[in-house]
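A.B. asks: The structure is given below, and queries will be raised subsequently.
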Amino acid sequence: MTPQVLGIVGWSGSGKTTLLVALVPLLRARGLTVSTIKHTHHGFDMDRPGKDTYRHREAGAHEVLVASTARWALLHEVVGEEPALPDLLAKLDPVDIVLVEGFKAHPFPKLEVHRPSLGKPPIWPEAPDVAAVASDEAVNAGVRPVLPLNDPASVLAWMTCYLGLPG
């Protein structure tokens, strides 16, 4: 099963995460399985100093897998180049759709979250793979549909049509 993949891209503070977390339960309510990938340009650490998994990594472990009855997580130390999006997608279990927050420079279908009030330029003029724009103001995105950012159900309706999801 090859999942549908849609990126949610935009500048920091535009509302990407807010939109993504509003869409996930709407997709789930339609009976779809959903996974997400979050890209960050900043280093991150899920561990805390003093915790056993932190100590494992600090000791030099290449991977540390932590598991409980509620969830598991695999921490993999990256040496060299950042993994490409297709490589990360291949690590996920099969699902109906993967929403990707970030990876705006990678070529795959995207929805741009754009807030003119941030004073940042839109991404869509330089990114032909931006299929639609969600904004809290009227914008001219050319031939791309402009969706109401604060209406996740309208965004979901566009996604369902665009990706050919059951709806």
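A.B. asks: Consider only pairs whose beta carbons are under 7 Å apart and that are at least six residues apart or on different chains; among these, list those whose first residue lies in the range 18-32 and is more than 10 Å from Leu99 (Cβ to Cβ) and whose second residue is of a type in the set (A, V, I, L, M, F, W, C).
C.D. replies: Close Cβ pairs (under 7 Å, with a partner that is of a type in the set (A, V, I, L, M, F, W, C)) amount to Leu26/Ala153; Leu26/Leu156; Arg28/Val34; Leu32/Ile97; Leu32/Leu165.
A.B. asks: Exactly one of (1) surrounded by 10 or more Cβ atoms within 10 Å (Cβ to Cβ); (2) under 23 Å from Val24 (Cβ atoms) is unmet by Ser68. Its number?
C.D. replies: Ser68 satisfies all of (1) surrounded by 10 or more Cβ atoms within 10 Å (Cβ to Cβ); (2) under 23 Å from Val24 (Cβ atoms) except (1).
A.B. asks: Check Ser135 against each of (1) surrounded by 14 or more Cβ atoms within 10 Å (Cβ to Cβ); (2) hydroxyl-bearing (Ser, Thr, Tyr); (3) closer than 20 Å to Val24 by Cβ and name the one condition it does not meet.
C.D. replies: Only one criterion is unmet by Ser135, namely (3).
A.B. asks: Which residues, counting only those in the range 73-112, are small (Gly, Ala, Ser), at pLDDT 90 or above and under 30 Å from Asn140 (Cβ atoms)?
C.D. replies: None; the set is empty.
Rundown of residues vs (1) touching a residue at least 60 places away in the same chain (Cβ under 8 Å); (2) closer than 24 Å to Val5 by Cβ; (3) among the β-branched types (Val, Ile, Thr), yes/no style:
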position	(1), (2), (3)
Val64	no, no, yes
Val78	no, yes, yes
Asp96	yes, yes, no
Val100	yes, yes, yes
Leu111	yes, yes, no
Pro145	no, yes, no
Leu156	yes, yes, no
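A.B. asks: Would you confirm whether any residue within the range 149-160 is closer than 15 Å to Ser14 by Cβ and of a type in the set (A, V, I, L, M, F, W, C)?
C.D. replies: yes
A.B. asks: While we're looking at this one, here's another question. I'm trying to understand the selection: among the residues of the range 155-167, which are of a type outside the set (A, V, I, L, M), more than 12 Å from Val133 (Cα to Cα) and in contact with a strand residue (DSSP E or B) (Cβ under 8 Å, 6 or more places away or on another chain)?
C.D. replies: Tyr162, Gly164
A.B. asks: For Thr53, only one of the following conditions fails: (1) at pLDDT 85 or above; (2) of a type in the set (Val, Ile, Thr); (3) surrounded by 13 or more Cβ atoms within 10 Å (Cβ to Cβ). What is its number?
C.D. replies: Checking Thr53 against (1) at pLDDT 85 or above; (2) of a type in the set (Val, Ile, Thr); (3) surrounded by 13 or more Cβ atoms within 10 Å (Cβ to Cβ), the one that fails is (1).
The values are calculated or read from the model by the stated rules, or taken from the named source; none is laboratory data. Remember, it's a predicted structure, so these values are computed and weren't measured experimentally. Here the Cβ is made from the backbone with ideal geometry for all residues, glycine too, and neighbour counts use every protein chain on show.
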